[in-house]
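The values are calculated or read from the model by the stated rules, or taken from the named source; none is laboratory data. Remember, it's a predicted structure, so these values are computed and weren't measured experimentally. Cβ atoms come from the backbone with ideal geometry, glycine included; neighbour counts cover every protein chain shown.
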Amino acid sequence: MKFGVVVFPGSNCDADTLHALGDILGREAVYLWHKDHDLKGVDCVVLPGGFAHGDYLRSGAIARFSPLMREVGEHAARGGLVLGICNGFQVLLEMGLLPGAMLRNKNLKFLCRFVTVRVESEKTAFTRLARKGQVLRLPIAHFDGNYYAPPDVLDEVESNGRVVLRYCDDQGRLSEESNVNGSLRSIAGLVNAAGNVMGLMPHPERAVEDLLGGTDGRLILESLIGGRVP
C-alpha cells in the first residue's frame, strides 16, 4: 500500500500525515504537489488538514481547482482510495466526491480539542478493523466543521450506511453537547456510494502515538492497510 499526501499552499497537517503513515505505520508515503498531474502510482490519496489557499472564498473552494484534483477525481472514479481529513473533507465536498457542505461551527468559534466519535459502520475500507458502536477519541481543529446536507441527501446516506462516524459522548451516546460543531445528525465522517472515498473532520494522524495523547487514529489508518501494524 503506497500513500500520497497532497500538499496545497496552506496545508499544515501534511507532514503529520506523512509521519503517521511512513514513520509510525511503516508504509511508503510521498508528497503530491497540488500543481502536478502525477499521482506517482499511489494506492491511496490523502487530502490532509490545514487551510488550503488560506481558505479564502470558502474552505476547499479554491483547492478543488488545483491541477492535481483532476487526477484525484479520476483515481476515485477508478475505485482508488481517497481519504480527506478536516480541510481535505471540505475539499472533497467542494469537488462533489462527497455530498453536502460545511458551515461555520454552531458557536462560531474555532475548535481545537479531543472529541469522541462512534463508529457507525465497520463495513468500509476505512473502518474494517473497528467494531460497530466502538467509541474513538480523536482530536479536531476546525472552524467550518458543521456538516450540512438537505433532508433527502441525509436520508440517502443514512439508509445506505454511508455515515461512518458520529460525534458522541464517551459512552457512545448522542447529544447536543457532544455534537460540538452542530453537524446535522452528529455526522463526523462519511463515505461515497462506492465506499472508496471518505471524509472526516477529526484528525486520525494526530492520534497515532501515546506522546500525542492517544492512538485511536491508528485504527482508521491501519484499516486502509488491511491489518494492524506493530
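Of note:
- Unique match (being surrounded by 16 or more Cβ atoms within 10 Å (Cβ to Cβ), closer than 26 Å to K2 by Cβ, touching a residue at least 60 places away in the same chain (Cβ under 8 Å) and over 15 Å from the mean Cα position of the chain (by Cα)) among L68, L97, L83, L93: L68
- Of N146, N179, N105, N192, all but one fail to be at pLDDT 95 or above and in contact with a Cys (Cβ under 9 Å, 6 or more places away or on another chain); the exception is N179.
- The set of residues in region 135-167 being surrounded by 16 or more Cβ atoms within 10 Å (Cβ to Cβ) and of a type outside the set (A, V, I, L, M) consists of R137, P139, H142, F143, D144, G145, N146, Y147, R162, R166, Y167.
- The condition of being outside any loop (DSSP other than H, G, I, E, B) and touching a residue at least 24 places away in the same chain (Cβ under 8 Å) holds for L165.
- Residue among V46, V30 that alone is buried (at least 21 other Cβ atoms within 10 Å of the Cβ) and not in a helix (DSSP H, G or I): V46
- One residue alone among G4, G54 is under 19 Å from V91 (Cα atoms), at pLDDT below 95 and not polar (S, T, N, Q), and that residue is G54.
- Just one of the numbered conditions (1) part of a loop (DSSP other than H, G, I, E, B); (2) at pLDDT 95 or above; (3) farther than 24 Å from R206 by Cα; (4) not polar (S, T, N, Q) is not true of A61: (2).
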